[in-house]
Structures are given as C-alpha cells and as structure tokens.
1. Normalise the Debye intensity by I(0) for region 57-148, one equal point scatterer per Cα, no solvent, then take log10 at q = 0.16, 0.19, 0.21, 0.24 Å⁻¹ and round to two decimals.
2. Around S171, which amide H atoms from residues at least 5 apart in sequence, or from another chain, sit under 5 Å from its own amide H, with H modelled in the peptide plane?
3. Over 27 Å between Cα atoms: which of K41/K134; K150/K189; K33/K134; K134/K189; K2/K189 fall into that group?
4. E70 label point, 7 Å along Cα→Cβ, cut-off 17 Å on backbone N: hits in region 80-122?
5. Summarise the long-distance tail of P(r) for region 1-116 by giving the % of C-alpha pairs beyond 16 Å.
6. Which three semi-axes in whole Å describe the equivalent ellipsoid of the chain, each the square root of 5 times a Cα gyration tensor eigenvalue, listed largest first?
7. Taking all protein chains together and a probe of 1.4 Å, list H44, H86, H124 from the most accessible to the least accessible.
8. From the residues F105, L29, P152, which one has its Cα farthest along the dipole of the chain in the positive direction, the dipole being from +1 and -1 charges on Cβ of Lys/Arg and Asp/Glu about the Cα centre?
Amino acid sequence: MKITAVIPIRIGSQRVKNKNLKPFGDTNLLELKIDNLKQVKGIHEIIVNTDSLQAIEIAKQKGVAFHKREDYYASSQCTNSEFLQHLGLVTETDIFAYCPCTTPFIKSTTIQEAIDSFLKSDEHDCLATVSLMKEFLWLDDNPINYERDKQPNSQNLPNIYALNFGLNLISRQDLIQYKNIVGMKPMFKIIDEIEGLDIDTPLDFFVAQQIYTNRFEFKID
C-alpha cells in the first residue's frame, strides 16, 4: 500500500506573499516540511507539486520528487475542487497524503500515528487532522451552535471540528471521485493548538516564527 505525501506550493499565495519559501527562522516552510516528512517511516514517497522553480530546486537539493504544475492549476481561475482532483490524477499512489507547508509544527510522530490508525480502520475512508473549536459562532445575525436565550459556558458548547491541514489521508481513487481531501466517512484526529497552527495570514506567520524561534520553550521537535 503505497503512501505518497504531496506538498502543494504555488507562487501566487494571496495573503502572505511567497510564504512557503520566504525566510522562516533559519529555514523556510518548504524545507521544514520536507525534513519533517522524511522522518515518517509510513511515507514511501514525497512529491513537491509546484509552479515555482525555486521550490523545484529545493526538492532536488533535499532528494525528493517534484511535479511541475501546469499554469491553469496554479491560477486563481482554478477551483479547489479542480485542483484537488488534478492532484489525484497526476500522483501515482494508493493513499494520498495532503501535506501543506502551512502547518509547520505537526510532529512526525503524530503523522505516523495518524497513518497507523487510518490503515487499521475498516470504517473510515479518510483521515483529517482537526482543531477543536469552542467558540460562539454566528451567521446571518443568529447564533449557529447555541440558543440565543440559553447561552452556555464555552466548555459546554458542542464540539465543532475545523480542518487545520496538518495531514489529510485519502485513497487516490476517492480523491479523484470526490474532488476533495475529505471523504464520506472521515476519521478526525484532534491535535493541539500548536501542532494545528495553520499559517493563513501575516499575523499567523509572525506568531509561527516566534514559536519556531522559541521552539525549545514550546517543546517543538
């Protein structure tokens, strides 16, 4: 059962320019992700899927594979569904592991545990790392996870899971069929707020840099 970790990178990141390749402490997010995934015994191949020549050079230097992404699939015209299906079509594997650079602190041991749990399960068609949300959520001027006149303590709010993209596992066949990294019967693996930190904004990047710089204080591998 071949498991391939795919690291997606495109040049035109919108909110944080060049976030995967810009300096991050003594490294960058792509190098950090490759080094982390190399420690996972359950992963058979690592592929950097990108339109960036710099990212391709890093992949070569690190001794991992790369796929030069076609222009359309690196453009803002391409939908996420189209992009995810395309990743499945161009990746020869049994199990697809979606591993963006933007969650730099997920541990290799956590990834290995997730792979082991997924392979042992007969009930689930995918695995996703998630963060547990205990927030008072509103939509269209109304609360959506509690009643307005019966506001609970925050710890008593229902469990809502947010994908943090630390790791997503799904069969290649299902990825192509569903055009999504989450299938019909997901297994959710809750990870803590540092492992699940997903860099999406300049503030996220700044906070992540501070954690990385002080990683021994935060007990980051």
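The values are calculated or read from the model by the stated rules, or taken from the named source; none is laboratory data. These numbers come from a predicted model, not from an experiment. Positions of Cβ are backbone-derived with ideal geometry, glycine not excepted, and every protein chain shown enters the neighbour counts. Just the protein is used for accessible areas: all its heavy atoms, side chains included, with ligands, DNA and RNA removed. Shrake-Rupley method; radii C 1.70, N 1.55, O 1.52, S 1.80 Å.
1. Result of the Debye calculation: -1.02, -1.18, -1.23, -1.30.
2. Those lying under 5 Å, H to H, from S171 are F96.
3. On the way: K41/K134 34 Å; K150/K189 30 Å; K33/K134 29 Å; K134/K189 16 Å; K2/K189 21 Å.
In this structure, K41/K134; K150/K189; K33/K134 lie more than 27 Å apart at Cα.
4. Answer for region 80-122: 80-92.
5. Working: 3915 of 6670 pairs.
So the portion of pairs separated by more than 16 Å is 59 percent.
6. Numbers: eigenvalues 159, 94, 70 Å².
Computed over the chain, the values are 28, 22, 19 Å.
7. Numbers: H44 115, H86 15, H124 60 Å².
Putting H44, H86, H124 in descending order of accessible area: H44, H124, H86.
8. L29
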